[in-house]
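The values are calculated or read from the model by the stated rules, or taken from the named source; none is laboratory data. Bear in mind the structure is a predicted one, so any value in this text is a computation, not a measurement. Note that each Cβ is placed from the backbone with ideal geometry, even for glycine, and that neighbours are counted across all protein chains shown.
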Amino acid sequence: MIALPPQSPRAGEHKRWDKLVTLTPSDVCQRAVVDYYEVKEAYILNSLGRQYQFTPKDRQIVPYGAERIEADLLLSRFGDFFRLSSLWYLTGTKDIPLTQRLVPPEDLKEGQMFFKASHALPLNKLAAKFGADKEGFIQKGTALGGETMTFGDASIKLFPYPRIPIVLILWLVDDEFPARVSLLFDSSCEFHLPLDMNWTAAMMCVLMMLA
């Protein structure tokens, strides 16, 4: 069973839409590293290798450009995660560059939440799926717009949002140890999103890798 975001998604979405309507496009674009489609009065956000159109006046989110199965997954199957965290990102992120300092969830303030009961990320399922499939792990990650890295036996940097990179590191199964996957944030993430929304962004990455 997959946990839902730590707060009521719909109530949170309404508040974020209300705020987004009041913001100037130039401000949002600079802070969130997004584009603005003036004809539609909509923001174009890159997430996990796809583009999405956010139209504040209609409170609508749709895939931008050619529709893909993965895009449908984010908006439907994982919609409660994607909608709320995306609106938080558009309305709350800061114009602050990445620190390039990678940290595990437990190093974030109150990051123990990532390991409690229903909020535990299903990294064990990723390890079970890709524990003997390094190439499959890399292929899946790059299909989601990820960049390969040099950690572990395989690693991929995913971008649920332009200022929120998340690194997944795979250690393959061997004769002595089971497969495992760990997750790292850029330490700047705490300036951009509250803890529960960083959790949601991480969950999106794991679920899309599993999908």
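Points worth noting:
- The set of residues in region 13-28 that are exposed (fewer than 13 other Cβ atoms within 10 Å of the Cβ) and assigned to a loop (DSSP other than H, G, I, E, B) contains only Thr24.
- Subset tally (residues that are in contact (Cβ under 8 Å) with a residue 60 or more places away in the chain and surrounded by 22 or more Cβ atoms within 10 Å (Cβ to Cβ)) for region 149-162: 3
- Subset of region 29-45 [within 24 Å of Lys157 (Cβ to Cβ) and either in the same structural domain as Ala201 (by TED's automatic domain parsing) or buried (at least 18 other Cβ atoms within 10 Å of the Cβ) (or both)]: Arg31, Ala32, Val34, Tyr43, Leu45
- Sole exception among (1) surrounded by 22 or more Cβ atoms within 10 Å (Cβ to Cβ); (2) small (Gly, Ala, Ser); (3) touching a residue at least 60 places away in the same chain (Cβ under 8 Å) for Ser182, by number: (1)
- Reported count of residues in region 129-146, each being surrounded by fewer than 19 Cβ atoms within 10 Å (Cβ to Cβ) and within 10 Å of Leu210 (Cα to Cα), is 1.
- Close pairs from region 17-29: first over 18 Å from Asp58 (Cβ atoms), partner at pLDDT 95 or above, Cβ under 6 Å, at least 6 apart: Cys29/Tyr36
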